[in-house]
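Trainee: Handing you this structure, nothing more for now.
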Amino acid sequence: MNDEHISLIVDGWEGSDLFDEREKAVIRWATALTRNTAAADDACFAPLKQFFSEKDIVELTLFTCLFNAWNRLQDGLHNPVEPPDDIIGWKEWEEVAQVSG
């Protein structure tokens, strides 16, 4: 996945030739889970069955939900997103508290 793919994830992926139908089914499902509309969206769920086993669908769903839970936890604790040049850098708790506090 390159920068062009990543930029289209937010907007424009559905009409792009950069993603195949399998990838679009995953993005559509992850988006529905993130927006909390998946339960009422059979049209979003059905295409997954074309490409994935039940186990795969459970894993995709679990991974997406866990990632969303992690984001909500970080938002709730007002933890800032790390700048791109510091993604791997380790910070002591006191440094983090100073930045967010």
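Trainee: Rounded to whole Hz and in sequence order, give me ³J(HN,Hα) for the range 22-29 from the Karplus expression 6.51 cos²θ - 1.76 cosθ + 1.60, θ = phi - 60°, writing x for Gly and Pro.
Mentor: 5, 5, 5, 4, 5, 4, 4, 5
Trainee: Can you tally the net charge around residue 62? Count Lys and Arg as +1, Asp and Glu as -1, for every other residue whose Cβ sits under 14 Å from the Cβ of residue 62.
Mentor: Working: positive: 55; negative: 54, 56, 59.
Combined, the nearby Lys, Arg, Asp and Glu give -2.
Trainee: Pop out the ³J(HN,Hα) list for the range 37-48 in order, Karplus 6.51 cos²θ - 1.76 cosθ + 1.60 with θ = phi - 60°, rounded to Hz; leave Gly and Pro as x.
Mentor: Coupling constants for the range 37-48: 10, 5, 4, 9, 10, 5, 5, 7, 7, 3, x, 4 Hz.
Bear in mind these aren't lab numbers, they're just calculated from the coordinates by the rules spelled out. Everything numeric here is computed off the predicted structure, so don't read it as measured data. Using ideal geometry, Cβ is built from the backbone for each residue, glycine included, and neighbour counts are taken over all protein chains shown.
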